[in-house]
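**Student:** Handing you a structure now.
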Amino acid sequence: MAVGIQKKVRAKAKPVSCGSEPSLLRIEYPGKKSSEEILSYPPGCYSQDSRYNGGKNRLYHADNVGVLAHLARDKDVVGKVRLVYIDPPFATASEFHSRKQAHAYDDHLIGADFVEYLRERLIWIHRLLADDGSLYLHLDERMAFHFRVVLDEIFGEGCYRNFITRKKCNPKNYTRKKYGNVADYILFYTKTDSYVWNRPIEEWDMAKALKEYPYVDEATGRRYKKVPVHAPGERNGETGKEWRGKLPPPGKHWQYVPSTLDELDAKGDIFWSSNGNPRRKVYLENSEGVPVQDIWLDYRDAHNQNIHITGYPTEKNPDLLARIIKASSNPGDLVLDCFSGSGTTLAVASRLGRSWIGVDRSSEAINTTLHRFAYGTAPMGDFVGNKRKLENTLFFDKVTDFDLYTEDKLMAEPIGYSRGAHSSAVIA
Ligand SMILES: C[S@@+](CC[C@H](N)C(=O)[O-])C[C@H]1O[C@@H](n2cnc3c(N)ncnc32)[C@H](O)[C@@H]1O
């Protein structure tokens, strides 16, 4: 750990603000198309399934690249999507089956083919996002690091916010000579510097609070911790001068002007150590909890027999989606998941009062989503022997206000246009 005074030295480098300049670092590979070429893809054509007519939300059974191009021509959508969460295939070179052993989807693209396939979709997503919108891209160790570079190219490096590490499962008893892999990653980018952000706070659990706030004020009984009253950086003004005969430590300044420090002291909010050093008392009662950091340990995917699931492979923990949706959108906002699988994002968005658009090209995914909306989710244990006990289902996810669209035969493509190996190679 670095100790002592850290001085930020940014030789020649200036802070990059979001959207101000293109990233100079690029990832290159054969077959990489220009953004212009990708944005000239024709839109797909879709027919509404007359059995569903809920109006507010839309579920597309289709390849997402055509849907994204189609949505980019829809004035109710383009520039209006507040939040995109996507959990695409992870380039695992495998096939996925549901708990009922139905084929769900193939994840066969790897390397440059995978990068280009996902990059195409991300370029369209960037176009659809509102100026105050956010993208969360969920990947694992295979491709997350490549996409830090790809997203810097598409969004601009100043629009990068976090590289979140999620604990995805319980520890594994590996026999291989390597560390157990329990993490995957969520890259968080925003379209501009001004974006919706409802800071997530983790509420105190009592044991943690007592450890963090170990002192009790004798006069009032209030629990507190002690924090410095100085901050990094030297100042020439009042906060750099003596207070009560003491200068701030070298390289620091007082956090408040002397008159404010006097007021805090008069209220009993300054603690004086035995050698006369002041510290500020921060009270537990004024803290809502701990702001959420970029390591998320509490959102493992289904890991015990009581957890409710749909049985779709790789379905994500609904609480993970709730955290993201609450942090980066407000009720009434439009949320897009164009790799929607079992519909986790869509069900949670509905529950939280957001509108949504979901897309998946797998019939199993769409059927699972429709089943989830009608019958909810069931405990993992109930999938044993394929017998789902309906009395155990959770009707939390009941959703009726949506339309279902299915893909028509692709429109004739313009002369000279090639959809390319990347988009067509993996139709499920
Ligand atoms: C990892 S799963 C998503 C799981 C989802 N987050 C959930 O909680 O259930 C990835 C999904 O992307 C879908 N998919 C892959 N490529 C697609 C494409 N080009 N267009 C539409 N869906 C696609 C697959 O069918 C699969 O359902």
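**Student:** Sort largest first and round to whole Å: the equivalent ellipsoid semi-axes of segment 146-185, each the square root of five times a Cα gyration tensor eigenvalue.
**Tutor:** Its equivalent ellipsoid spans semi-axes of 31, 11, 6 Å.
**Student:** Now a separate question. If eta is 0.692 mPa s and T is 37 °C, what Stokes-Einstein diffusion coefficient results for segment 236-331, Kirkwood Rh from Cα pairs, in µm²/s?
**Tutor:** Translational diffusion coefficient: 178 µm²/s.
**Student:** Report, in listed order, any pair from 252/326; 241/267; 80/168; 56/168; 80/326; 167/281 with a Cα-Cα distance greater than 29 Å.
**Tutor:** Details: 252/326 37 Å; 241/267 22 Å; 80/168 31 Å; 56/168 32 Å; 80/326 17 Å; 167/281 34 Å.
Those over the limit are 252/326; 80/168; 56/168; 167/281.
**Student:** To check you understand DSSP bridge types, tell me what percent of the beta bridges within the chain (both residues inside) are antiparallel, rounded to 5. Write down the numbers at each step before the final one.
**Tutor:** Numbers: 39 of 62 bridges.
Once the DSSP bridges in the chain are tallied, antiparallel ones form about 65 percent.
**Student:** Residue separation times 0.36 nm, minus the C-alpha to C-alpha distance between residue 292 and residue 267: what's the value?
**Tutor:** 5.9 nm
**Student:** Which of 219, 322, 183 moves the most in a Gaussian network model of the chain with Cα springs under 10 Å?
**Tutor:** Largest GNM mean-square fluctuation: 219.
**Student:** A further question on this structure: Would you mind getting me the FRET efficiency between residue 26 and residue 47? Use the beta-carbon distance for r and R0 = 35 Å, nearest 0.05.
**Tutor:** Details: r = 40 Å, r/R0 = 1.14.
The value I calculate is 0.30.
**Student:** Something else about it: Considering only 270, 325, 186, give the residue with the highest GNM mean-square fluctuation for the chain, with springs between Cα atoms whenever their separation is below 10 Å.
**Tutor:** The residue that fluctuates most here is 270.
**Student:** Please list 65-76, 343-354, 274-285 highest first by mean number of surrounding beta-carbon atoms within 10 Å per residue. Write out the running numbers ahead of the final one.
**Tutor:** On the way: 65-76: 18.7, 343-354: 23.7, 274-285: 13.0.
Most protected by this proxy first, the peptides run 343-354, 65-76, 274-285.
**Student:** If you wrap a convex hull around the C-alpha atoms of the chain and split its volume per residue, what is the figure in Å³?
**Tutor:** Output value, Cα hull per residue: 212 Å³.
**Student:** Tell me, what is the Rg over Rh of segment 206-286, with Rh the Kirkwood radius over Cα pairs?
**Tutor:** 1.01
**Student:** If you roll a 1.4 Å probe over the heavy atoms of the protein chains, what accessible area per residue do you get for segment 206-286, in Å²?
**Tutor:** I get 64 Å² per residue for this part.
**Student:** What percent do you get for the relative contact order of segment 206-286 when only Cα pairs under 8 Å and 6+ apart count?
**Tutor:** 33
**Student:** Please compute the contact order of the chain in relative form: average sequence separation of alpha-carbon pairs under 8 Å and at least six residues apart, divided by the residue count, as a percent.
**Tutor:** So the answer I get is 24 percent.
**Student:** Accessible area of the chain with a 1.4 Å probe: how many percent of it is carbon plus sulfur?
**Tutor:** The computed percentage sits at 51.
**Student:** What percent does the relative contact order of segment 172-328 come to when contacts are Cα pairs within less than 8 Å and at least six residues apart?
**Tutor:** On the way: 154 pairs, mean separation 40.9, N = 157.
In percent, rounded to a whole number, it is 26.
**Student:** Continuing with this model, one more query. So with the 1.4 Å probe, I'd like the accessible area per residue for segment 7-120, rounded to whole Å².
**Tutor:** Value returned for segment 7-120: 54 Å² of accessible area per residue.
**Student:** Counting each DSSP H run of 4 or more residues in the chain as -39500 (n - 2.57), what helix-only mean residue ellipticity at 222 nm follows after dividing by all residues, to the nearest 500 deg cm²/dmol?
**Tutor:** On the way: 10 runs with 96 residues, N = 428.
Result for the chain: -6500 deg cm²/dmol, rounded to the nearest 500.
The values are calculated or read from the model by the stated rules, or taken from the named source; none is laboratory data. No experiment lies behind these values; they were computed from the predicted model shown. Note that we place each Cβ from the backbone using ideal geometry, even for glycine, and neighbour counts take in every protein chain shown. SASA here: full protein model, heavy atoms, side chains in, ligands and nucleic acids out. Shrake-Rupley method; radii C 1.70, N 1.55, O 1.52, S 1.80 Å.
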